[in-house]
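The values are calculated or read from the model by the stated rules, or taken from the named source; none is laboratory data. From a predicted model like this one, the values you see are computed outputs, not experimental measurements. Here Cβ is always computed from backbone atoms with ideal geometry, including for glycine, and neighbour counts include all displayed protein chains. Heavy atoms of the whole protein, side chains included, go into the accessibility calculation; ligands, DNA and RNA do not. Shrake-Rupley method; radii C 1.70, N 1.55, O 1.52, S 1.80 Å.
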Amino acid sequence: MNRYNPKEIEPKWQGIWDETGAYTADLRSDRPKYIAMSMFNYPSGAGIHIGHAMNYTISDVKARFKRQQGYESYHPIGWDAFGLPAENFAIKSGVSPQESMATIIPSYHKQYKAMGWSNDWEKEISTHLPEYYKWTQWIFWKMHEQGLAYQDSRMQWWCELDNSVLANEQVIDGKCWRHDGADDPLVEKREVKQWFFRITDYADELLDSIDALDWTESVKLAQKNWIGKSKGAEVDFALEGSEQKIAVFTTRPDTLYGATFMVLAPEHELVSSITTDEQRQEIEEYARVAQQKSELERQTSKEKTGVFTGAYALNPVNGAQVPIWIADYVLEGYGTGAIMAVPAHDERDNEFAHKYNLPIKQVVADYVIGDGNDAPRKDVPTRNSETADAIITDGKGKYLLQIEGDEIHFAGGGVDETDASPEDAVAREAREETGYDKVLSVKQAAPYSAYYGYRAIKKRNNRCWGAYYEVVVDPSSKVPSEVEDGMHEVAWFDKSEVASRITWEDHLRAWNHYIGGDIEMDVHEGLLVNSGEFDGQETSEVRENIVAMLAEQGKATEKVNYKMRDWSVSRQRYWGAPIPIINCEKCGAVRVPESDLPIILPELDDFQPSGDGRSALARATDWLKTTCPECGGEAERETDTLDTYICSSWYMYRYFDPRNTQAIFDSELVKKWEPIDFYNGADHATAHLLYARFIGHFFKGLGLVNEPEPFKQFLFNGKVTAADGTMFSKSKGNGVDPLEIIDQGYGADALRTYLMFAAPLDTWARWDPQGVPGTYRFLSRIWTLVHQYLAAEEKPVAEAAQKEILRATHQMIRKVSEDIEENHYNTAIAAAMTDVNELYKLKVDNLAKSDVWQEALSSLVACVAPFAPHIADELWLKLGHHNSVQRDSWPDWKQEYLTQDTMTIAVQVNGKLRGTIEVEVGSDESVVLAAAKADTKVATHLDGVNIVKSIYVPNKLVNFVVK
RNA sequence: GGGCGAGUGGCGGAAUUGGUAUACGCGGCGGACUUAAAAUCCGCUGGCUGAAUAAGCCUUGUGGGUUCAAGUCCCACCUCGCCCACCA
């Protein structure tokens with residue numbers, strides 16, 4: 001018998017698959033359709049790595065599984081060929097990207113085929129070919145036609161040595177990627193004209209349809225966060241001494257009374273007009289520096305900085321004068337680029353206020369945990385009441401506490417209508433409750449807090465809030481109190497004793513604030529205080545009311561904001577699809593006639609950007625000069641190219657009709673195949689997925705597709721790391737080359753099987769050098785088993801053995817079928833391994849040429865075929881099948897073979913396993929219980945005790961509860 | 001700072017609705033075959049006490065709780081990972 005030798009059989013089958021077009025999908029087939037794909041690859045000179053091997057095997061297994069099940073299964077192939085790395089290489093080497101791609105892509109063909117991936121090469125696409133990018137341009141064309149593409153300016157990184165725009169990834173440590181020496185200057189930002197797609201028009205649509213997607217949850221969440229919808233209000237603050245207003249966006253209008261200053265983004269349009277002459281120089285300097293701050297600085301240094309403009313605004317709710325500052329923690333691009341700062345309840349504002357000594361005003365009281373904190377009742381009325389608590393001291397380190405039985409606390413009481421202020425109230429309470437008549441001073445000592453109480457006697461909900469005040473009294477002034485004397489026992493304590501004496505939790509908290517000095521706020525929701533007519537109401541209740549109130553005065557409107565920006569789609573780069581626009585001095589930016597598409601990217605010798613901020617295309621004079629389609633006058637082509645994200649946001653549709661020259665694709669065909677059934681990748685790829693969804697929704701609007709969501713299922717799979725858990729990297733030299741593993745003699749099948757077996761698909765797998773040898777051994781065992789069977793004598797197999805063989809086989813079929821369907825590849829492989837182990841035991845006495853072994857081995861081979869397609873085809877053929885295992889070979893499992901005559905029942909005594917018993921399937925509970933009691937091991941534990949209760953879980957377990 | 005997720009043998013990892021924890025693989029140990037090795041095949045392999053392949057106890061990050069029964073459910077804590085990050 002020949003040994004399992006992948007080096008022989010794998011190239012052989014790869015050749016056969018190629019010749020027979022085994023994986024060519026018939027897109028017009030009557031069969032049920034299935035399309036599984038991984039995110040397509042960016043072809044770089046480095047070739048495939050272990051991460052690619054992982055990604056593409058995942059979708060390949062799915063595609064093969066469905067193909068074997070009788071689906072018309074399509075596993076497409078394409079290349080994301082445009083992009084910066086190829087252009088950078090071209091700039092350095094002078095080799096054109098077109099040329100590099102012409103050699104790189106074919107080298108990938110070999111590697112993909114060596115991995116045994118079942119790609120349909122007939123329908124291969126690449127984004128850099130005119131036949132493809134004609135339609136990328138068409139998408140821009142269509143967007144423009146629909147009013148969804150527009151031009152605007154945006155700040156861009158600029159290298160003064162290159163005289164060129166830089167992409168974010170070309171900025172390294174604040175310097176240009178080509179000029180990162182010690183003497184080289186930092187990059188700057190310059191205003192550059194950009195094209196945008198109005199993806200924000202689709203924000204709600206894209207957000208609303210996320211929930212229904214069968215995607216990895218974290219990816220769905222990332223989509224939601226990216227869109228970043230938040231509901232709030234736009235509120236106008238009048239500029240003091242002027243007719244002008246400044247609008248702010250806030251999600252917390254309920255905290256308006258706490259707005260003690262205002263902050264504008266340094267780029268805000270009103271900054272220069274409101275700045276006073278004294279402040280002007282400082283403001284301008286700050287704005288200039290902020291603009292040039294690199295991303296790196298912004299991320300590493302979160303320390304708040306800012307400058308006062310000298311101007312004041314008026315808080316619309318109470319007319320309070322608030323200073324206006326500028327600071328770079330407020331972003332120009334979000335909301336109105338201006339905020340009202342509520343330092344008491346917003347951490348960023350708080351930090352800023354502390355740094356610049358701005359007032360902090362508490363307007364939300366936190367609920368304290370205490371005796372009064374009952375649940376509100378709906379059946380009785382609610383009353384709001386303000387209270388004031390007194391931390392009474394002689395001013396010399398002694399504190400007066402009230403003693404009521406076991407409870408010790410500060411004095412305090414309600415703020416009555418007769419009290420002019422809480423301070424008056426607390427002074428009055430101090431006198432009344434303690435008898436010390438001479439109050440020397442009163443000042444707030446701790447933040448406001450709130451509690452909720454139900455008063456049974458008055459049948460009333462009480463919503464209470466109040467602050468704590470330090471009340472200094474003259475200790476020699478005690479007189480008989482007229483009002484409450486005798487009701488309260490009081491005693492002086494030393495400062496060091498107070499904390500250990502107080503029994504009320506909220507009072508202890510106030511004490512800690514008092515002695516800690518600083519009143520820090522980390523409260524976000526609760527009861528409003530210091531908020532005029534809204535005092536005592538819940539923040540969540542007030543949020544809408546306060547906006548409604550201001551709206552009546554024309555000072556506020558409800559407003560929804562999104563973090564998502566419009567999509568900047570133009571790049572000042574050579575290696576991309578040219579934007580199909582002609583710039584005419586007279587007519588402006590004009591679309592090229594649709595019939596002129598594609599605008600071919602001219603081949604150049606020099607790929608260096610032109611030096612005026614435009615791409616190298618600006619030097620391609622013959623190409624550049626043209627006539628205006630509208631007026632016929634002299635004009636120039638747009639030299640910007642399209643963001644490669646556009647290329648990759650629609651490629652899945654092109655897979656269905658890759659050679660169409662008349663239309664982007666045949667809609668009828670796409671409507672038959674949409675959506676993509678299975679999509680996977682090892683990156684969140686939030687932007688890619690969002691843009692693809694956007695294009696899907698856009699196509700739906702154009703009637704090109706029926707289903708706006710392109711991807712039905714998306715699996716965010718894990719990556720492969722080195723054995724020590726660190727990332728593979730070229731610099732560390734710890735990379736694992738998949739082709740090398742294959743060439744070592746283990747073969748693609750063993751590699752594929754290991755990758756799918758090592759861990760669940762959504763978990764990061766560690767590379768184990770012993771792993772592939774392990775799966776090689778497994779495949780080897782199948783190889784041996786089949787060959788031993790083929791060499792065996794023809795004779796009948798004992799009935800009991802037949803039963804066992806069939807049971808093992810059908811159990812395996814069931815598990816593998818279900819697990820692949822649910823993306824649990826690792827346990828599917830484990831089930832096949834278990835089957836092999838069982839068949840090895842059974843073969844010792846029972847191996848024979850027979851129907852039962854034929855069925856067992858054919859099923860086994862078919863079930864491992866998605867993971868190990870080469871060995872499967874080889875063995876399938878040897879088992880006498882005439883078709884390929886790759887199509888229509890998936891076995892069905894039959895329930896009748898899974899049932900057994902006896903079942904194992906676990907027997908517990910008081911929840912502890914004491915033995916197992918074998919009983920006939922379908923035995924009555926009484927029979928099972930009797931058998932359980934009869935078991936010798938169990939019996940010893942039942943000896944001398946009473947069985948209080950017997951629990952029988954059918955077909956599984958018995959538990960005797962004894963005493 | 002915010003969000004999400006995870007802690008199970010020496011390692012990667014299994015465990016429907018709560019129902020025999022540690023499937024499967026790796027590694028390790030022992031044996032068979034062999035002049036020998038590799039390969040292959042067979043067996044053992046969570047920890048502790050024990051001479052034991054007797055018996056018992058313990059064990060899913062830690063501590064509580066619910067339950068006849070908890071890796072799984074609830075509460076608190078600890079640790080790790082990932083993503084987003086000044087979005088008002």
Among strands (runs of 3 or more DSSP E) completely within region A:381-460, the ones holding 2 or more residues that are more than 19 Å from A:TRP504 (Cβ to Cβ) are A:382-393, A:439-455
The number of residues in region A:1-27 that are in a loop (DSSP other than H, G, I, E, B) and within 27 Å of A:LEU785 (Cβ to Cβ) is 6
Sole miss for A:GLU205 among (1) away from RNA strand B (no atom under 16 Å from the Cβ); (2) closer than 30 Å to A:GLY174 by Cα is condition (2)
Turns out the strands (runs of 3 or more DSSP E) fully within region A:869-963 with at least 1 residues that are in contact with a strand residue (DSSP E or B) (Cβ under 9 Å, 6 or more places away or on another chain) and surrounded by 18 or more Cβ atoms within 10 Å (Cβ to Cβ) are A:902-909, A:912-920, A:957-962
Only unsatisfied item for A:THR255, checking (1) within 10 Å of RNA strand B (Cβ to nearest atom); (2) outside any strand (DSSP E or B); (3) open to solvent by 10 Å² or more (accessible area, probe 1.4 Å); (4) of a type outside the set (Asp, Glu), is (3)
When restricted to A:LYS949, A:LYS912, the only residue touching a Phe, Trp or Tyr at 6+ places or on another chain (Cβ under 8 Å), of a type in the set (Lys, Arg) and on the phi < 0 side of the Ramachandran plot is A:LYS949
Sole miss for A:TYR23 among (1) under 24 Å from A:LYS719 (Cβ atoms); (2) surrounded by 20 or more Cβ atoms within 10 Å (Cβ to Cβ) is condition (1)
Subset of region A:820-846, residues more than 12 Å from RNA strand B (Cβ to nearest atom) and open to solvent by less than 40 Å² (accessible area, probe 1.4 Å), comes to A:ILE820, A:ASN846
Matching residues in region A:550-590 (out of contact with any Asp or Glu (no Cβ under 7 Å at 6 or more places or on another chain) and either among the charged types (D, E, K, R) or assigned to a helix (DSSP H, G or I) (or both)) number 9
On the basis of being more than 33 Å from the chain's Cα centre (by Cα) and open to solvent by 10 Å² or more (accessible area, probe 1.4 Å), does A:LEU161 make the cut?
yes
Scanning region A:629-677 residue by residue, those at pLDDT below 95 and aromatic (Phe, Trp, Tyr) turn out to be A:TYR645
If we keep only residues of region A:277-291 that are loosely packed, with under 12 Cβ neighbours inside 10 Å and at pLDDT 90 or above, then the residue nearest to RNA strand B (Cβ to nearest atom) is A:GLU285
Of the residues in region A:243-252, those that are part of a loop (DSSP other than H, G, I, E, B) and either near RNA strand B (Cβ under 8 Å from one of its atoms) or touching an Asp or Glu at 6+ places or on another chain (Cβ under 8 Å) (or both) come to A:THR251, A:ARG252
The condition from (1) within 11 Å of RNA strand B (Cβ to nearest atom); (2) of a type outside the set (D, E, K, R); (3) touching a residue at least 60 places away in the same chain (Cβ under 8 Å) that A:VAL953 misses is numbered (3)
- Query: Looking at this structure, is A:PHE665 of a type outside the set (A, V, I, L, M), within 30 Å of A:ASP201 (Cβ to Cβ), touching a Leu at 6+ places or on another chain (Cβ under 6 Å) and in contact (Cβ under 8 Å) with a residue 24 or more places away in the chain?
  - Reply: no
Handout entry: Filter result for A:THR809 (within 13 Å of RNA strand B (Cβ to nearest atom), polar (S, T, N, Q), within 20 Å of A:ALA862 (Cα to Cα) and touching a residue at least 60 places away in the same chain (Cβ under 8 Å))
Key = no
Expected output for region A:771-784 (first residue over 13 Å from A:ALA748 (Cα atoms) and open to solvent by less than 30 Å² (accessible area, probe 1.4 Å), partner more than 9 Å from RNA strand B (Cβ to nearest atom) and among the polar types (S, T, N, Q), Cβ below 8 Å, 6+ apart or cross-chain) is A:PHE778/A:THR753
Suppose the filter is closer than 29 Å to A:GLU191 by Cβ, open to solvent by 70 Å² or more (accessible area, probe 1.4 Å) and away from RNA strand B (no atom under 13 Å from the Cβ); does A:GLU240 pass it? no
Scanning region A:655-684 for residues that are open to solvent by 10 Å² or more (accessible area, probe 1.4 Å), more than 16 Å from RNA strand B (Cβ to nearest atom) and assigned to a loop (DSSP other than H, G, I, E, B) gives A:ASP657, A:PRO658, A:ARG659, A:ASN660, A:THR661, A:GLN662, A:ALA663, A:ASP666, A:GLU674, A:PRO675, A:ASP677
Taking region A:746-760 and keeping only residues that are more than 9 Å from RNA strand B (Cβ to nearest atom) and open to solvent by less than 20 Å² (accessible area, probe 1.4 Å), one is left with A:GLY747, A:ALA748, A:ASP749, A:ALA750, A:LEU751, A:ARG752, A:THR753, A:LEU755, A:MET756
Result of the Cβ filter at 7 Å on region A:907-927, keeping first residues that are within 16 Å of A:LYS949 (Cα to Cα) and partners that are in a loop (DSSP other than H, G, I, E, B), at least 6 apart or interchain, is A:VAL907/A:ASP935
Note to self: Tell me whether region A:219-228 contains one or more residues that are open to solvent by less than 50 Å² (accessible area, probe 1.4 Å), assigned to a strand (DSSP E or B) and within 9 Å of RNA strand B (Cβ to nearest atom).
What the structure shows: no
The number of residues in region A:544-571 that are open to solvent by 10 Å² or more (accessible area, probe 1.4 Å), more than 16 Å from RNA strand B (Cβ to nearest atom) and either of a type in the set (Gly, Ala, Ser) or within 30 Å of the chain's Cα centre (by Cα) (or both) is 4
